[in-house]
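Where a number appears in this text, it was derived from the coordinates with a stated rule and is not lab data. What you see is a predicted model; the values in this text were computed from it and never measured. Reconstructed Cβ throughout: ideal geometry from the backbone, glycine too, with neighbour counts over all protein chains shown.
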């Protein structure tokens, strides 16, 4: 595991240590309130966490400027996870294998270190065992890459990946050793790694290769997406009696691991979960 020692207090005198989340768009992210609650819970009152809305064409330039602006690290969300790995000076073995990073850390010399906490957070959240299981992953971006790698590393017997662009699905399958899927068929695990459902539910199932009435053919459902309420996918799964994990739980899981890498402190998971769920 890559680790950066906590900054010395005298090195931060008169300024805040900064963290943030890079994305485009990123206004919907609940990471700021989650991380603010975590920092307060462990007494890091001179640390701040903020949104970092950055379009893809400015990602590399902006990210390289963060250490000089007082940033200790940054979380990375859609659509920058693959780009985050590409610009890193060093990366964990798992991030390299996945081909995407959602956590960037900056050492005192300005070097960028990359990690992926999506994969372990997903495995920790699964309500059914992945060992020997079949899985269908929807999407072909950074989160999908983490999901496929996590499932395969945990012993899944078959992992299929679907994407609206068949070519992207085939490319991911070739790189990570799974199978591209043209449609949705029964599986033990269904994982949605597309952004479908983030901006509302009206057309959610029209953009996915399955309908709400087909969710009973899966043993459990995981949705990386979260919003102000349950997504259509999670709501339909639960209505069908299928165990489901929502995106907020994944946010807390990966955020807790990132927090520990940023600060060197155990993550106050209960405080983080309460912050994102408004409790």
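Hey, can you tell me all the residues within the range 79-91 that are crowded, with 20+ Cβ neighbours inside 10 Å and in contact with a strand residue (DSSP E or B) (Cβ under 9 Å, 6 or more places away or on another chain)?
Step one: of the range 79-91, the residues crowded, with 20+ Cβ neighbours inside 10 Å are 80-81, 84-85, 88, 91.
Residues satisfying the conditions are 80, 84, 85, 88, 91.
For the range 23-63, a tally of residues being part of a helix (DSSP H, G or I), touching a residue at least 40 places away in the same chain (Cβ under 8 Å) and closer than 16 Å to residue 227 by Cα returns 3. Determine, yes or no, whether residue 118 is out of contact with any helix residue (DSSP H, G or I) (no Cβ under 7 Å at 6 or more places or on another chain) and touching a residue at least 12 places away in the same chain (Cβ under 8 Å). When the stated conditions are applied, residue 118 does not pass them. Considering only residues in the range 96-113 that are touching a residue at least 24 places away in the same chain (Cβ under 8 Å) and not in a loop (DSSP other than H, G, I, E, B), the one that is nearest to the chain's Cα centre (by Cα) turns out to be 103. Please determine, by comparing only the residues of the range 213-255 that are free of Cβ contacts under 8 Å to residues at least 40 places away in the same chain and closer than 21 Å to residue 26 by Cβ, which one is surrounded by the most Cβ atoms within 10 Å (Cβ to Cβ). Among residues in the range 213-255 that are free of Cβ contacts under 8 Å to residues at least 40 places away in the same chain and closer than 21 Å to residue 26 by Cβ, the one surrounded by the most Cβ atoms within 10 Å (Cβ to Cβ) is 223. Of the helices (runs of 4 or more DSSP H) lying entirely inside the range 170-279, those carrying at least 2 residues that are over 30 Å from residue 44 (Cβ atoms) are 232-239.
When residue 75 is tested against (1) more than 12 Å from the chain's Cα centre (by Cα); (2) part of a strand (DSSP E or B), only condition (1) is not met.
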